[in-house]
Structures are given as C-alpha cells and as structure tokens.
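The structure under discussion appears below in the form of structure tokens.
The values are calculated or read from the model by the stated rules, or taken from the named source; none is laboratory data. Quick caveat, the model's predicted, so the values are computed rather than measured. Neighbour counts are summed over all protein chains in view; Cβ atoms, including those assigned to glycine, are modelled from backbone coordinates with ideal geometry. Heavy atoms of the whole protein, side chains included, go into the accessibility calculation; ligands, DNA and RNA do not. Shrake-Rupley method; radii C 1.70, N 1.55, O 1.52, S 1.80 Å.
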Amino acid sequence: MHRTHTCGQLTAAAAGTDVTLAGWVHRRRDLGGLTFIDLRDRYGITQIVAKSGEPGHDALGAVRNEWVIKVTGTVRERSRETANLKLATGGIEVAAKTVEVLNEAKTPPFYVNEETPVEETLRWKYRYIDLRREGPRELMRLRHEVVAYIRAYLTDRDFWEIETPTMIRSDPTGARDFIVPSRYYPGKFWALPQSPQQLKQILMVGGIDKYFQIAHCYRDEDPRADRVYEHTQLDFEMSFVDQEDVMSTLEALYTEIFRQFGRKPLARTPVPRVTYEEAMRRYGIDRPDLRFEIELVDLTDALRATAFIAFRSVIDSGGVVRGLIVPGQAAATRKDVDGWQALAKTKGAKGLASFAFAGTEVRSPVAKFLTPAELESLRIASKAKDGDLLLAVADTHHVASASLGVVRERLGPELGLADTTKHYAVWITEFPLIERTPEGGWTFAHNPFCAPLTPHDLELLDSDPAAARSKQYDFVIDGKEIFGGSVRIHQRAVQERVFAQMGVSKDEAQTRFGALLDALEYGAPPSGGVGAGIDRLVMTLAGTENVREVQAFPKTQTGYDPLLDAPADVDPKLLEELGLRVVAKAPKA
RNA sequence: GGUCCCGUGGUGCAGCGGCCUAGCAUACGUCCCUGUCAAGGACGAGAUCGCCGGUUCGAAUCCGGUCGGGACCGCCA
C-alpha cells in the first residue's frame with residue numbers, strides 16, 4: 001500500500017504517530033522558510049507542512065498543483081490559533097519527513113480547487129480532472145449511495161437482481177432503436193434495449209416472483225437537458241400483485257430514499273393520488289407541478305349564452321372554455337400575454353384570451369365582444385380577485401386544458417409561485433389504456449402491456465375506446481415523472497385484443513412480441529412493476545437540471561463523446577465481415 | 001428537420017465601428033517572505049477576439065455563411 005491513512009481521516013487522536021498519505025496537491029502555500037501543502041484525495045484534505053531545514057522542505061517547495069505525491073511524516077496537533085475549523089482534519093497537520101513524487105502533472109485545463117463554472121465540453125473531455133472537483137465527486141457519491149440503498153432495500157425484501165441482455169430484438173415501438181449488426185447473420189441486427197420490459201415479464205412467467213435490475217437503457221432520439229441516449233433505470237417487477245401492492249412497495253422505498261438522501265423533505269406523506277382525468281381537468285397536464293396550487297377553472301357555463309363568435313362556435317360544437325387565474329398579474333404586459341399565448345398554441349390552442357381584473361373594471365382585448373354581465377360571470381366563475389389576470393382558451397376539453405396546462409407549468413418558475421422548500425410528490429392513476437394517433441388510429445398510452453383497470457374498461461374498447469382506463473400509475477415529483485409502471489396483461493387473449501385495437505394483427509403481434517405472447521400461454525402470473533429513471537432521481541435529489549452532471553462520462557447534445565472522440569470510423573475489414581457498406585458519409589466525419 | 005442564445009490569453013468574464021498597442025480576475029513562471037489555509041508582495045510571459053467571406057477609409061464589434069457548444073420545438077418515457 002502506498003498509504004496508511006486517507007486524507008480525510010486523521011484527527012488529534014493520531015498525534016505523534018508516523019503516517020503515510022498519498023494524493024493530489026490541492027494547493028500550495030509557500031511562505032519561504034515554511035511551506036504548506038493541502039493534500040487531497042476522495043476522502044478529504046490534509047495539511048502537510050515543512051520548515052526550512054526540515055527534511056521535506058525542499059521537496060514540498062518543488063511540487064505543483066495536481067501532482068500526485070506520497071508523503072511520510074509525523075501527525076502533529078495544531079494549536080488553537082492555527083487550527084482550521086473548515087476542514088475535518090483541521091485540528092492536525094503532517095510534518096513531512098519524506099516526499100515522493102509519484103507523478104507530475106501538466107497545468108490542468110481548468111481549476112480543480114475552485115467551484116467556478118467551466119464550459120461543459122471541456123469538462124467532459126477532461127472528465128478525469130472534473131471528477132476530482134468536489135461538486136462532481138459528490139454527485140457520483142450520491143448516485144452510488146442511492147443505488148446501493150435500493151439494492152439493499154429490495155434484496156432485504158426478497159427481490160432478486162437479475163441481468164437481462166443488452167443485445168435483444170428490435171421492436172419499432174416507441175423510440176428509435178440503437179442497432180448492432182450481426183456477424184453470424186449478415187444483414188440482421190440486434191437492438192439495444194429501450195428497457196427490459198418484455199424480459200422482465202417473461203421472468204415473472206419463469207416464477208422469479210420478485211425481480212429488479214439497475215439496467216442500462218438506450219434510445220436513439222435527440223438529447224435534451226434531461227434526457228440522453230443512454231440512461232439507467234431501476235427496473236422492477238413483482239408477481240401476484242395488483243396496483244395497490246406495487247404502489248405501496250414503491251412509495252415506501254421512495255419515501256425512504258427522499259428521507260435519507262433528499263436535500264428537501266417530501267411535503268406530503270402518504271403521497272396524494274390524482275386520477276389522470278382529474279389531473280388534466282385541474283392542472284392540464286398528467287405530471288402536475290404541485291409546488292404551487294393554482295388550478296384550471298371552467299368558464300363554459302359563464303359564457304353559455306354569449307354572442308362572441310370565438311367562444312360561441314366552440315361551445316355550440318360541444319367544446320368548452322377553460323381558464324387559468326394568474327394571481328396578481330392584472331398589470332401583465334401585452335408581451336407577457338403573447339409569450340403565454342405562443343406557449344398555449346404549442347398544445348393546439350387557437351388563441352389565448354386575457355382578462356385583467358383591476359378594481360371594478362375588466363380590461364381585455366375581447367371585452368368589447370362580451371356583455372358586462374358576462375364579464376361579471378367570468379369573474380365569479382374564475383374566483384378572480386382584484387389584481388388577478390384570467391387567461392382563457394376555447395377548444396375541446398383536452399386542447400383547452402393542455403394549452404393552459406403548459407402555461408401553468410411556466411408560471412410557477414416565472415412568477416416565483418412555487419414552494420421550493422419541499423418536494424411535492426403525487427401519484428397519477430387511471431390513465432387511458434390507449435389514445436388517438438395523429439393519423440386517427442389508436443396507440444398505447446404508456447406501454448402496450450398495460451392491463452385494463454377493470455373488465456368493464458376492456459369492454460369499452462368495443463364501444464368507447466378513449467374512455468377505457470388502465471392500471472398505469474406514474475409517480476411525479478415537482479412536475480417531473482420520477483417513475484411509471486403498470487400491472488401487466490397476463491392473458492394472451494386480452495393482450496391480442498388490445499393489440500387489435502391499435503391495428504396490430506395477430507400475425508404482426510406474433511412477429512414482434514412472439515416470445516412474450518407465447519409465454520403468456522404457459523401459466524403467466526398477474527404481475528406489475530415500474531421502470532424508474534435513476535438519473536432523473538439523482539437529479540431531483542441533488543437539485544440539478546442537467547442529466548450529464550449525474551453521469552460519469554456524458555455526451556454532448558449532438559451525441560458526441562468528447563473524451564473518447566466517439567462515434568468513430570471502424571476498420572473496413574470489420575464492415576466487410578458484417579456485410580455492411582457505408583453508402584452516405586455524414587459531412588461531420 | 002426547425003427556433004433562440006453563446007464562441008475574446010489555460011480558465012471565467014468585460015469590451016460591441018476608430019479612444020484596443022484588446023481590459024479584469026484567476027491560473028502559469030521567476031524572485032521575496034517561518035504559521036499559512038482562496039496566504040501575501042514584486043516582476044514577467046501568455047490571445048491577430050471559433051473559421052471563411054462581405055460591408056467600411058477602418059471590424060473583436062455590423063452582415064452572410066460555416067463549424068462547435070447550450071436551451072427549446074419536432075421527436076422521445
């Protein structure tokens with residue numbers, strides 16, 4: 001061993017003993033006849049000292065920041081005046097007797113010993129230097145501790161951790177697959193899993209009963225601040241359970257995770273539950289941010305008799321007028337409202353009407369189209385207070401709600417409405433089983449294996465498919481989906497019925513999902529589980545908005561790896577063996 | 001596929017038509033200094049302002065393109 005102790009370990013109890021420490025030179029303070037070194041490793045910082053004439057003095061003067069050195073010396077208690085209360089080891093120092101340079105270092109491209117911002121690409125290229133910094137290191141620690149906790153927690157409760165392959169069959173469901181060419185089967189391809197969904201259900205058929213995995217998942221879609229090519233999920237499944245069992249198991253786990261690792265407490269436990277229908281009606285979104293309590297209101301009845309054509313026509317055709325109170329923003333500028341309107345339009349709104357309630361007057365671009373009585377009805381229906389602004393959208397219930405929902409999400413941070421001292425968790429339940437595609441067909445709302453909520457919901461596929469609900473449940477914190485899961489369909493006939501609704505024939509289903517469908521015929525137990533993003537969990541715990549911060553070796557927004565300089569060309573011989581020929585070469589290469 | 005923002009010594013920022021021979025902080029180098037802990041002091045080296053083209057008497061500064069990065073929409077759990 002190169003050391004007897006770490007740099008975060010020594011206290012006055014060790015005074016007088018000889019020790020050997022090894023680490024990086026964090027900082028050097030050379031006073032001429034007296035030189036100090038802060039020696040750093042993952043565990044902490046210890047001050048090394050040598051006076052003129054003492055054996056280590058010359059060597060300490062010669063080292064530079066980030067050199068790797070090994071120091072042997074005597075632990076010395078510091079006097080009260082010279083102790084450093086900011087360091088755990090600040091009560092002692094090591095008087096150097098010998099200093100061995102294990103490795104010199106070039107001047108680093110950015111600071112290790114300061115918490116100043118550095119351009120991301122540079123950090124990822126020199127991630128090995130970045131990780132020496134306290135902030136990045138502590139995120140790695142947090143991530144490790146959370147994962148270790150999950151493993152221990154689930155192991156204690158009879159779950160088995162089982163690895164599933166990272167090369168599986170491509171399925172054109174959901175996101176674009178990353179694919180890997182096969183050498184034995186030229187022209188055929190493996191796919192990297194977007195999640196181990198089918199495999200974990202098959203494990204349940206195999207009688208594993210309780211399974212989890214810390215699984216890498218891949219999808220080839222354009223990265224964002226909070227999503228990247230590859231992420232890690234806690235994949236989790238249990239047999240002979242219904243929705244309540246899975247939810248209570250996970251709520252217990254996550255409550256405990258937030259209690260142990262969260263910077264902020266959970267605002268409400270047990271975690272409240274809201275159905276999808278209620279979430280859309282009250283918040284206009286299926287992952288509401290409950291750190292602020294403003295809710296959507298219905299204005300249709302207040303305008304039932306209006307002559308204003310924009311509202312009239314919508315109401316006549318069965319639509320609704322929905323509203324959102326923006327507290328205290330009666331003085332909002334045209335520019336503010338335009339910004340919110342642009343946001344509302346991204347969710348399909350044709351426009352966004354605003355009504356400012358100031359004293360007895362109601363100011364609105366559309367005021368001239370409404371009677372005083374109607375304006376008063378709006379005030380009553382929206383419960384607007386003096387100084388409030390009412391935003392309104394007329395459309396179908398879904399479009400009007402969703403449009404105001406995105407505006408609501410924006411208002412929280414923009415107007416500082418959110419209570420940022422706590423985490424606000426909520427369960428969303430009773431999702432639709434299927435939903436309309438833009439082309440007018442049907443597709444699954446979450447994943448194709450989600451069980452109908454009741455037998456009646458399965459029957460609804462024949463009469464009113466959009467009304468059919470499922471045993472899907474999402475766990476949302478502060479407006480972010482932390483995990484989602486469902487109880488699965490465990491009977492082939494039911495699964496095929498759901499596929500049929502989405503226009504997937506029996507043959508096609510057999511081709512794409514044959515392994516799972518076959519398994520369902522050999523005694524599949526009822527089961528349920530979740531896929532829970534680890535990256536997003538750690539982000540939420542740490543309060544960071546950027547996934548790359550919680551990954552050890554991140555890629556850029558264009559999927560480039562600055563550290564390994566990947567993707568890269570491969571040996572043409574390899575292409576030949578694989579039966580591949582590059583037809584078009586991207587200009588970036 | 002699209003929109004917006006950014007690109008200036010190693011790092012982080014300022015400068016936004018001539019006053020820039022490009023400023024500040026920090027890092028880096030040399031020297032002084034025996035109780036520092038973001039040590040202090042003195043001196044020094046280091047950038048033709050991402051790249052290409054244009055406008056102009058004159059461009060880091062304005063315009064167009066391009067490359068790279070970031071945020072977002074599309075897409076995506």
TODO: Name every residue in segment A:337-359 that is under 13 Å from A:Leu390 (Cα atoms) and either buried (at least 16 other Cβ atoms within 10 Å of the Cβ) or within 30 Å of the chain's Cα centre (by Cα) (or both), in order of residue number.
DONE: A:Val337, A:Trp340, A:Gln341, A:Leu352, A:Ala353, A:Ser354, A:Phe355, A:Ala356, A:Phe357
Task: Sole exception among (1) open to solvent by 40 Å² or more (accessible area, probe 1.4 Å); (2) modelled with pLDDT of 95 or more; (3) more than 9 Å from RNA strand B (Cβ to nearest atom) for A:His2, by number - done: (2)
Task: Candidates A:Ala59, A:Ala22 - the one that is within 16 Å of A:Thr98 (Cα to Cα) and in contact with a His (Cβ under 7 Å, 6 or more places away or on another chain) - done: A:Ala22
Open item on the list: Just to check your reading of the model, which residue among A:Glu93, A:Glu100 is part of a strand (DSSP E or B) and more than 10 Å from RNA strand B (Cβ to nearest atom)?
Closed with: A:Glu100
Task: From the options A:Gly387, A:Gly328, residue that is farther than 19 Å from A:Leu296 by Cβ, in contact (Cβ under 8 Å) with a residue 40 or more places away in the chain and either part of a loop (DSSP other than H, G, I, E, B) or open to solvent by less than 20 Å² (accessible area, probe 1.4 Å) (or both) - done: A:Gly387
TODO: Can you work out which of the residues in segment A:210-244 that are closer than 19 Å to A:Gln491 by Cβ and among the acidic types (Asp, Glu) is most open to solvent (accessible area, probe 1.4 Å)?
DONE: A:Asp242
TODO: Could you figure out which of (1) hydroxyl-bearing (Ser, Thr, Tyr); (2) open to solvent by 70 Å² or more (accessible area, probe 1.4 Å); (3) within 30 Å of A:Gln260 (Cβ to Cβ); (4) within 10 Å of RNA strand B (Cβ to nearest atom) isn't true of A:Tyr111?
DONE: (3)
Task: Of the criteria (1) assigned by TED's automatic domain parsing to the domain that holds A:Val228; (2) in contact (Cβ under 8 Å) with a residue 60 or more places away in the chain; (3) within 16 Å of RNA strand B (Cβ to nearest atom), which one A:Arg151 fails - done: (3)
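Table: residues versus (1) of a type in the set (A, V, I, L, M); (2) in a loop (DSSP other than H, G, I, E, B); (3) touching a Phe, Trp or Tyr at 6+ places or on another chain (Cβ under 6 Å); (4) surrounded by 15 or more Cβ atoms within 10 Å (Cβ to Cβ).
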{"site": "A:Asp58", "(1), (2), (3), (4)": "no, no, no, no"}
{"site": "A:Ile69", "(1), (2), (3), (4)": "yes, no, no, yes"}
{"site": "A:Thr89", "(1), (2), (3), (4)": "no, yes, no, yes"}
{"site": "A:Glu115", "(1), (2), (3), (4)": "no, yes, no, no"}
{"site": "A:Met140", "(1), (2), (3), (4)": "yes, no, no, yes"}
- [ ] Among the residues of segment A:148-182, write down those that are in contact with a helix residue (DSSP H, G or I) (Cβ under 8 Å, 6 or more places away or on another chain), in a strand (DSSP E or B) and open to solvent by 50 Å² or more (accessible area, probe 1.4 Å).
- [x] A:Glu161
TODO: Among residues belonging to segment A:391-428 that are open to solvent by 10 Å² or more (accessible area, probe 1.4 Å) and of a type in the set (Val, Ile, Thr), point out the one that is farthest from A:Gly484 (Cα to Cα).
DONE: A:Thr396
- [ ] Taking the options A:Lys51, A:Lys86, A:Lys70, name whichever one is free of Cβ contacts under 8 Å to residues at least 12 places away in the same chain, of a type outside the set (Asp, Glu), farther than 30 Å from A:Asp561 by Cβ and assigned by TED's automatic domain parsing to the domain that holds A:Leu21.
- [x] A:Lys86
TODO: Report, by residue number, each residue of segment A:57-76 that is within 10 Å of RNA strand B (Cβ to nearest atom), on the phi < 0 side of the Ramachandran plot and not hydrophobic (A, V, I, L, M, F, W, C).
DONE: A:His57, A:Gly61, A:Arg64, A:Asn65, A:Arg76
TODO: With respect to A:Phe553, determine if the residue is touching a residue at least 24 places away in the same chain (Cβ under 8 Å), within 15 Å of RNA strand B (Cβ to nearest atom) and surrounded by 13 or more Cβ atoms within 10 Å (Cβ to Cβ).
DONE: yes
TODO: Determine whether A:Val362 is open to solvent by less than 100 Å² (accessible area, probe 1.4 Å), over 21 Å from A:Arg312 (Cα atoms), among the β-branched types (Val, Ile, Thr) and in the same structural domain as A:Ala402 (by TED's automatic domain parsing).
DONE: no
Task: Failed item, numbered, when A:Glu508 is tested on (1) charged (D, E, K, R); (2) buried (at least 16 other Cβ atoms within 10 Å of the Cβ); (3) at pLDDT below 95; (4) away from RNA strand B (no atom under 16 Å from the Cβ) - done: (2)
Open item on the list: Within segment A:29-56, take every residue that is more than 9 Å from RNA strand B (Cβ to nearest atom) and among the basic types (Lys, Arg) and give me the one that is least open to solvent (accessible area, probe 1.4 Å).
Closed with: A:Arg40
